Amino acid sequence: MKSTGIVRKVDELGRIVLPIELRRTLGIDIKDSIEIYVDNSTIVLKKYEPTCIFCGESEDVTTYKDKNVCKKCLDEIKNS
């Protein structure tokens with residue numbers, strides 16, 4: 001993991017602000033979803049990208065009945 005040298009305080013509601021430079025670098029826009037992971041004592045934030053429930057692909061993903069399915073798996077389901 002690489003340190004950015006940026007330090008932020010948690011406010012009274014438990015929020016932190018991600019600096020604009022970091023958001024621009026990582027392609028995080030206003031209202032984007034962020035996934036939160038815990039690895040031992042480390043908190044990891046990652047831009048959320050929906051993935052296919054069958055193969056894990058993140059490109060050409062659509063939502064069907066609240067489930068994420070990629071185009072390839074959707075075509076396979078249609079043709080079976």
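What to note about this one:
- Test: residue in the stretch 24-31 that is among the β-branched types (Val, Ile, Thr) and open to solvent by 100 Å² or more (accessible area, probe 1.4 Å): yes
- Being touching a residue at least 12 places away in the same chain (Cβ under 8 Å) and on the phi > 0 side of the Ramachandran plot is a property that does not hold for ASP32.
- Residue satisfying all of: in the stretch 1-23; of a type outside the set (Val, Ile, Thr) and open to solvent by less than 80 Å² (accessible area, probe 1.4 Å); farthest from ASN68 (Cα to Cα) among these: GLY5
This table checks each residue for (1) more than 30 Å from LYS2 (Cβ to Cβ); (2) surrounded by fewer than 10 Cβ atoms within 10 Å (Cβ to Cβ).
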{"site": "ASP39", "(1), (2)": "no, yes"}
{"site": "ILE43", "(1), (2)": "no, yes"}
{"site": "LYS46", "(1), (2)": "no, no"}
{"site": "ILE53", "(1), (2)": "yes, no"}
{"site": "ASP60", "(1), (2)": "yes, no"}
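- LYS72 out of contact with any Pro (no Cβ under 9 Å at 6 or more places or on another chain), over 19 Å from ILE6 (Cβ atoms) and not β-branched (Val, Ile, Thr): yes
- Residue identified as among the aliphatic types (A, V, I, L, M), assigned to a loop (DSSP other than H, G, I, E, B), modelled with pLDDT under 95 and over 11 Å from the mean Cα position of the chain (by Cα) among ILE43, ILE30: ILE30
- Of all residues in the stretch 41-55, those that are closer than 14 Å to ASP66 by Cα and touching a residue at least 12 places away in the same chain (Cβ under 8 Å) have Cβ atoms under 7 Å from Cβ atoms of residues that are open to solvent by less than 50 Å² (accessible area, probe 1.4 Å) and of a type in the set (S, T, N, Q), 6 or more apart or on another chain, in PRO50/ASN68; THR51/ASN68; CYS52/ASN68; ILE53/ASN68.
The values are calculated or read from the model by the stated rules, or taken from the named source; none is laboratory data. Just so it is clear, the structure is predicted and the values come from calculations on it, not from any experiment. Counting neighbours? That spans all protein chains shown, and the Cβs are built from the backbone with ideal geometry, glycine included. For accessibility, only protein heavy atoms count, side chains too; no ligands or nucleic acids. Shrake-Rupley method; radii C 1.70, N 1.55, O 1.52, S 1.80 Å.
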